[in-house]
Each structure stands twice: as structure tokens, then as C-alpha cells.
Amino acid sequence: AEYMGGLPMVVAIVPLPGGLSPRLARLDQLVTAGELSYYELSPGGGEVVLYWRALEPGADKRVTLDVVSDVPGEYTARAARVYRYYFDEAKVWAQPLGAQVLG
């Protein structure tokens with residue numbers, strides 16, 4: 001179902017590779033600039049959950065997150081996923097992110 005020609009509430013869950021944590025100031029900037037409606041961190045901080053109240057038809061959202069490296073090593077996150085809120089059975093999956101954190 002579409003919402004005013006687009007999609008209602010959309011959620012993106014972005015797992016971060018181990019050794020990385022998000023910079024909250026950047027996420028706050030994205031909300032203030034209207035690039036996101038809201039965000040939250042999963043318990044333990046391993047995933048950033050991004051929300052948009054509605055998306056225009058054909059919208060292409062790209063979000064650049066600032067991260068801080070915590071622990072040196074090579075890490076691979078779980079796959080990211082996007083879906084309409086309350087319709088998580090219709091997820092779209094993305095390739096996992098990888099990172100090499102130098103010590």
C-alpha cells in the first residue's frame with residue numbers, strides 16, 4: 001500500500017562491524033537536516049536503526065554515518081535490511097559491511 005503516492009514509515013537497520021561505534025552528533029545532524037525522521041541504537045549499540053515517516057515515490061535515500069573505531073581488527077557486520085514499519089516480512093537485504101580497524 002502506498003501513502004499519498006509514496007510509502008509510509010520506513011525502517012532501515014544498519015549493523016556496524018565490530019570495533020566501530022556511531023557518532024551520535026552526526027545522527028542528530030541528519031535528523032535536524034530532515035534527512036531522517038528519527039534514529040535509535042539497538043541494545044549494545046551494534047545496530048543503528050533509522051526511521052523515515054514517509055518516502056516520496058522513487059526515493060533513493062543514502063545516509064553517511066560517522067563512526068569511531070574502538071578496537072583494532074578486521075570485522076564484518078550482519079546484513080543490513082530495510083522494510084516498511086509493521087511489514088517486516090517484506091524486508092530488502094543489503095550486503096554486509098566490512099571494516100579494518102588499524103591499531
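Limited to region 38-56, what total is found for residues that are open to solvent by less than 90 Å² (accessible area, probe 1.4 Å) and touching a residue at least 40 places away in the same chain (Cβ under 8 Å)? Going through region 38-56 one residue at a time, the tally reaches 4. Within region 78-93, the residues that satisfy the criterion of being touching a residue at least 12 places away in the same chain (Cβ under 8 Å) and in contact with a strand residue (DSSP E or B) (Cβ under 7 Å, 6 or more places away or on another chain) are Arg78, Ala79, Ala80, Arg81, Val82, Tyr83, Arg84, Tyr85, Trp93. Within region 65-102, the only residue that satisfies the criterion of being in contact with a Lys or Arg (Cβ under 6 Å, 6 or more places away or on another chain) and open to solvent by 80 Å² or more (accessible area, probe 1.4 Å) is Trp93. If you go through region 70-103 and pick out every residue that is assigned to a strand (DSSP E or B) and either closer than 17 Å to Glu47 by Cβ or under 12 Å from the mean Cα position of the chain (by Cα) (or both), you end up with 9.
Residues in region 70-103 that are among the charged types (D, E, K, R) and in contact with a Pro (Cβ under 7 Å, 6 or more places away or on another chain): Arg78, Arg84. Kindly evaluate Glu35 against the criterion of being loosely packed, with under 13 Cβ neighbours inside 10 Å and modelled with pLDDT of 90 or more. No: the conditions fail for Glu35. Scanning for something of a type in the set (A, V, I, L, M) and within 14 Å of the chain's Cα centre (by Cα), does region 38-45 turn up at least one residue? For region 38-45, residues of a type in the set (A, V, I, L, M) and within 14 Å of the chain's Cα centre (by Cα): present.
Gly19 - would you say it is in contact (Cβ under 8 Å) with a residue 60 or more places away in the chain and in contact with a strand residue (DSSP E or B) (Cβ under 6 Å, 6 or more places away or on another chain)?
yes
The values are calculated or read from the model by the stated rules, or taken from the named source; none is laboratory data. Since we're looking at a predicted model, the values are computed, not measured. For neighbour counting, all protein chains shown are included, and Cβ atoms are generated from backbone atoms with ideal geometry for every residue, glycine included. Please note that ligands, DNA and RNA were not included when accessible areas were found on the heavy atoms of the full protein model with its side chains. Shrake-Rupley method; radii C 1.70, N 1.55, O 1.52, S 1.80 Å.
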